[in-house]
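So the structure is just underneath, and the comments pick up after that.
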Amino acid sequence: MLKKRETWVDVAKGLGIIAVVLGHAPNNGFLHHYLYWFHMPLFFALTGYLFKPLENTNNLVNWIRKRTVQLIVPYLSFGILIFIVRFSGQLFDGTFSIFVAAKEVLRILYGGTLLSGPYAVFWFITCLWFTQVCFALLVLRFKSFKLQIAILGIAYLVAHIQTEFIHFNKIPWNVDVMLIAIVFYAFGYYIKQYGSILTMDVSKKILIFLVCITLLTIDYFGFINYNLDLKAHVYNNFILDLIIPLTFTTAFFIISKILSNLTFVTELGKMSLTIMYLHFPINYLVTAVFGFDGFIPFVFIGLIIPVMIHLIVQRFRITNMLFQGAFKGTKSSPGKLTA
């Protein structure tokens, strides 16, 4: 018997992708500052919540292959699509440079912090792939919960040593961000495995929201000045980098459970991959052609047009395979991948 889909997860992805678009919108310092506290940790935690541990090493290679198809194939497909659109205009007006084009291809393949502009969000996919593989190996090799926590603690410590003392952040695919992302990923997984926070009593849920409000208040009035940006390796507060993202992620889980019947947000969650990839490049294109700019146009264009494109993509097998990673033998990406 098939297990019933937990619609609150799609709601959380829907709310999360709205937060991503809002956080990237221009002229938006206030929301940018606070949404970055949790919007990427939220997605790592949601994917961790959906993770199913492997029973033995026999399935490992096939499992990695499926994750690669679901994540890296859309990464390359969207990258090629954006590249073609960006440089097709230059071919027509005679400004095309093979050197510039080749350099852009190399940046897409290298990924990580080298990606900016229309490719700015691509880092998440490669980092997520590496995080998933590392966590799968962790729980497969080490069955002890205490040992898993110890290893995660070491990874978290090394992540902060890197940002505090090494200051090198141009690792291919941003795979080094896995050192902190795996903690958020594990948080989602342990919620599913060892007792869901979603079933906690009302008083504890209220406490979670009070902690969130308190953290927002003391930051707003300058008692703390907390910043978090996983891509840019801005995580340099050893205590708050754990407390703040996990507290706000927990609050978002609770809110999503309460709003689990919101069909529109649920559908947005299923389209989160497409929205993630396209909200930046479409806004760049629309601004260049029509001159639209500003916070409201960015959010509207960044949500509506990717939704329309997603509805077209899912109608055809080839586009669904290329842009959603939904090949034969794998489940459709929206149900497995958060963005």
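Taking square-rooted eigenvalues a ≥ b ≥ c of the alpha carbon gyration tensor, is the chain rounded, prolate or oblate, where a/c under 1.5 means rounded and, failing that, a/b exceeding b/c means prolate? Because its axes are fairly even, with a/c under 1.5, the chain counts as rounded.
Write out the trypsin sites (Lys or Arg not before Pro) in region 298-328 meeting two conditions: DSSP loop, and at most 14 other Cβ atoms within 10 Å of their Cβ. Write out the running numbers ahead of the final one.
Numbers: sites: 315, 317, 328; in loops: 315, 328.
Passing both the DSSP loop test and the Cβ count: 315, 328.
Excluding ligands, DNA and RNA, the accessible surface per residue across the chain is 49 Å² with a 1.4 Å probe.
What is the percent carbon and sulfur in the accessible area of region 57-192, measuring with a 1.4 Å probe over the protein chains and ignoring ligands? All intermediate terms of the calculation are to be shown ahead of the outcome.
Working: 4700 of 6480 Å².
It is 73 percent, rounded to a whole number.
Helices meeting the span-like rule in the chain (full DSSP H runs, Cα extent of at least 15 Å along the helix axis, mean Kyte-Doolittle score of 0.5 or higher): 7-24, 39-50, 60-93, 98-110, 123-141, 145-161, 178-193, 202-220, 240-258, 272-290, 295-313.
Per atom type, region 246-329 shows carbon and sulfur on 73% of its accessible surface, probed at 1.4 Å. Relative protection proxy for 189-201, 263-275, 214-226, from highest mean packing down: 263-275, 189-201, 214-226 (other beta-carbon atoms within 10 angstrom).
Of interest is the spacing of the C-alpha centroids, which for region 40-113 and region 250-270 amounts to 27 Å.
When both region 4-33 and region 277-313 are represented by their alpha-carbon centers, they are found 16 Å apart. Once every DSSP H run of n ≥ 4 in the chain is given -39500 (n - 2.57) and the sum is divided by its residues, what mean residue ellipticity at 222 nm do you get, rounded to the nearest 500 deg cm²/dmol? Calculated at 222 nm, the ellipticity per residue is -22500 deg cm²/dmol. Annotation: peptides 241-247, 123-129, ranked by per-residue average of other Cβ atoms within 10 Å with the highest first, follow the order 123-129, 241-247. Summary value for region 1-158: 21 percent relative contact order, contacts being C-alpha pairs under 8 angstrom separated by 6+ residues.
Based on C-alpha pairs under 8 angstrom that are at least 6 apart in sequence, the chain has a relative contact order of 36 percent. Checking the Cα-Cα distances for 192/257; 52/192; 66/146; 205/257 against a 18 Å cut-off, the pairs over it are 66/146.
The values are calculated or read from the model by the stated rules, or taken from the named source; none is laboratory data. As the structure is a computational prediction, the values presented were derived from the model and not from experiment. Note that we place each Cβ from the backbone using ideal geometry, even for glycine, and neighbour counts take in every protein chain shown. All accessible areas refer to the heavy atoms of the entire protein, side chains included, with ligands and DNA or RNA removed. Shrake-Rupley method; radii C 1.70, N 1.55, O 1.52, S 1.80 Å.
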